[in-house]
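Q: Here it is, the structure, as structure tokens.
The values are calculated or read from the model by the stated rules, or taken from the named source; none is laboratory data. Treat the numbers as computed from the prediction; the structure is a model and nothing was measured. Cβ sites come from the backbone with ideal geometry, for glycine too, and all protein chains shown count toward neighbours.
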């Protein structure tokens, strides 16, 4: 699994956002963006990783996506309770896609793992993906179960060969786990998001 480094993701965010806005201002602004005609995504993440969250949202917003973030939901209970879990279940069902922003901290989070398990039962394997992010380009240890999920990765020009010859163009792809022949399917992120 090729993991996107946190520096790559933050670099993307910094190249696309208004530099005068704080992360909190940027996140609050996205909450009020138009939701018409967009693919709805439940974005599972670790709550204290705001820079990573804002960076992922910046990328997904460019691809006509409506991102659901639980702590920006005014209908969410003020204190975490069983009602929180019920509301999250409703939102996972309601959204078209489920993406786990798979940082090392998110993988250790009980809530993120619970959301992934619930998302798995409703969205597997066509409408679920992990977006692996690490402090370096290393792999996660102790999280081998993530290998069964499609993943979002950035592919550089002339690095991944197509079965039909040539290379995949540079960009973000959703990559399936290897099949029994050791082959993975690459789908451009924008195309994957447009499929229901």
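Q: Could you tell me which residue of the stretch 181-196 is nearest to the chain's Cα centre (by Cα), considering only residues that are part of a loop (DSSP other than H, G, I, E, B) and surrounded by 11 or more Cβ atoms within 10 Å (Cβ to Cβ)?
A: Filtering the stretch 181-196 for residues part of a loop (DSSP other than H, G, I, E, B) gives 181-185, 195-196.
Still in the list and also surrounded by 11 or more Cβ atoms within 10 Å (Cβ to Cβ): 184-185, 195.
Numbers: 184: 19, 185: 18, 195: 16 Å.
Once the filter is applied, the top-ranked residue is 195.
Q: Would it be correct to say that residue 178 is within 21 Å of residue 127 (Cβ to Cβ) and in a loop (DSSP other than H, G, I, E, B)?
A: Working: within 21 Å of residue 127 (Cβ to Cβ): yes; in a loop (DSSP other than H, G, I, E, B): yes.
In short, yes.
Q: Continuing with the same structure: When the stretch 42-67 is examined, which residues are found to be within 18 Å of residue 116 (Cβ to Cβ), in contact with a strand residue (DSSP E or B) (Cβ under 8 Å, 6 or more places away or on another chain) and not in a helix (DSSP H, G or I)?
A: 42, 43, 44, 45, 46, 49, 67
Q: OK, next. Which ones in the stretch 68-79 are in a loop (DSSP other than H, G, I, E, B) and under 20 Å from residue 93 (Cβ atoms)? Outline the logic, then answer.
A: The first filter runs over the stretch 68-79 and keeps only residues in a loop (DSSP other than H, G, I, E, B), leaving 69, 73-79.
Answer for the stretch 68-79, where residues must be in a loop (DSSP other than H, G, I, E, B) and under 20 Å from residue 93 (Cβ atoms): 69, 73, 74, 75, 76, 77.
Q: What is the number of the single condition among (1) within 18 Å of residue 103 (Cα to Cα); (2) at pLDDT 65 or above that residue 85 does not meet?
A: Single failed check for residue 85: (1).
Q: How many of the residues in the stretch 93-106 are within 16 Å of the chain's Cα centre (by Cα) and surrounded by fewer than 21 Cβ atoms within 10 Å (Cβ to Cβ)?
A: Within the stretch 93-106, the subset within 16 Å of the chain's Cα centre (by Cα) is 95-106.
Adding the requirement that they be surrounded by fewer than 21 Cβ atoms within 10 Å (Cβ to Cβ) leaves 96, 104-105.
Qualifying residue count for the region: 3.
Q: With 118, 145 as the choices, which residue is modelled with pLDDT of 90 or more and either surrounded by 16 or more Cβ atoms within 10 Å (Cβ to Cβ) or not in a loop (DSSP other than H, G, I, E, B) (or both)?
A: Details: 145 fails: modelled with pLDDT of 90 or more.
Going through 118, 145 in turn, the sole match is 118.
Q: Follow-up question, since we're still on this one. Look through the stretch 62-80, keep the residues that are in contact (Cβ under 8 Å) with a residue 12 or more places away in the chain and surrounded by fewer than 16 Cβ atoms within 10 Å (Cβ to Cβ), and return whichever of them is farthest from the chain's Cα centre (by Cα). Full working, then the answer.
A: Restricting attention to the stretch 62-80, the residues satisfying the condition of being in contact (Cβ under 8 Å) with a residue 12 or more places away in the chain are 62-73, 75.
Subsequent filtering for residues that are surrounded by fewer than 16 Cβ atoms within 10 Å (Cβ to Cβ) retains 62, 64, 71-73, 75.
On the way: 62: 14, 64: 14, 71: 16, 72: 17, 73: 18, 75: 22 Å.
Step by step, filter the stretch 62-80, then rank; the result is 75.
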